[in-house]
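What follows is a single structure, written as structure tokens, with notes after it.
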Amino acid sequence: MNSRTLNLTIKIFILFSAFLLFAGKLYSKCAQRLEVRGIVSSWVEADKDYLNGRTDIYYYFEQEDVIYTLNIGGPVKVASDPFYNEEVALGNSLIKKVDRYIGLDFFQVGKREDADLIILAVCVPDTDLEGIVTESYDGTQYIMTLNGCNSPFSDRNPPETLFLHELGHALGLEHPFDNTDGDCIGSTDPWSNGSAHTGHTLMAYRNPPGRVKTFFTELDIAALQAIWGKD
């Protein structure tokens, strides 16, 4: 896969950010407090339309060598980098934990054609891409793609945070700095001192001042429950 082509066509999803709000300094018109609506995305209704009233989510981990065609402003072909069993086990444990908090039920399936959500690993070195959620090119499934061969942006970059960041996108969460739907938290600049950090929400980019979280924050859970209800 040509990484230059990928860079031209794929919206970058890098994790981690640090948050410091200095009194009296206005970075943007973003809310200067943590608000659920600041991470609820504009594509939530499309997600709900796709489910058409269902609360069951069927997902599939790709463990074979397969070429996928993603819809990223046109067809983009990527080769799978099959998940190891231990990686699938980690992903399943995270999904089961999410299941306990929200009004959706997740079920792993053994055939990719039976899945609503395909979880796909790729190996594309020398690119900013760490993960992305797209539709399949025929529009029938969501594909959550994780790049296992990108050089880590941070030495504090556990796999749980990347997995949950992209799962959050699949479930309707946006970046806190995304103001395209008229709301944001802290700043529209993900790297500024005014931006929310991953200690506030895993949908942020830069590292928190303390330990990196390996599960959704209280804000993330509240936003997911606002979208999907409680379990």
Surrounding charge for E113, neighbours by C-beta under 14 angstrom, Lys/Arg +1, Asp/Glu -1, total -3
Rounded if a/c under 1.5, otherwise prolate or oblate - segment 98-231, Cα gyration tensor axes: oblate
For segment 112-126, in residue order, the Karplus 3J(HN,Hα) values (coefficients 6.51, -1.76, 1.60; θ = phi - 60°; whole Hz; Gly and Pro = x) are 4, 5, 8, 8, 7, 10, 9, 9, 10, 9, 10, 10, 10, x, 6
To check you understand DSSP bridge types, tell me what percent of the beta bridges within segment 3-228 (both residues inside) are antiparallel, rounded to 5. 45
FRET efficiency for V109 and A79 from the Cβ-Cβ distance with R0 = 25 Å, rounded to 0.05, comes out at 0.70
Long-range amide H partners of A121 with built H, under 5 Å: E62, D81, F83, L146
In sequence order, calculated HN-Hα J values of segment 63-79 (Karplus, 6.51, -1.76, 1.60; Hz; x Gly/Pro): 10, 10, 7, 9, 9, 10, 10, 8, 9, 10, x, x, x, 10, 8, 9, 9
What is the local net charge at L34, summed over the other residues whose Cβ is closer than 13 Å to its Cβ (Lys, Arg +1; Asp, Glu -1)? -2
Rough spin-label spacing in nm, given labels placed 7 Å along Cα→Cβ, for A31 and S136: 3.6
Could you give the distance between the Cα centres of segment 94-149 and segment 203-220, to the whole Å? 20
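Given 0.36 nm per residue, what is the gain on full extension from D99 to E86 after removing their alpha carbon distance, in nm?
2.7 nm
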Give the long-range amide H neighbours of I102: residues separated by 5 or more places, or on another chain, with amide H under 5 Å away, using H modelled in the peptide plane at 1.01 Å from N. D231
Please list, in chain and number order, the residues 5+ apart from V66 or on another chain whose amide H is under 5 Å from its amide H, with Hs placed from the backbone. S80
Using only the C-alpha atoms of segment 3-228, find the volume of their convex hull and express it per residue in Å³. 120
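Computed from the coordinates by the stated procedures, all read-outs in this text should not be read as laboratory data. What you are looking at is a predicted structure, and each value in this text was computed from that prediction instead of being measured. Ideal geometry is used to build each Cβ from the backbone, glycine not excepted, and the neighbour counts take in all protein chains shown.
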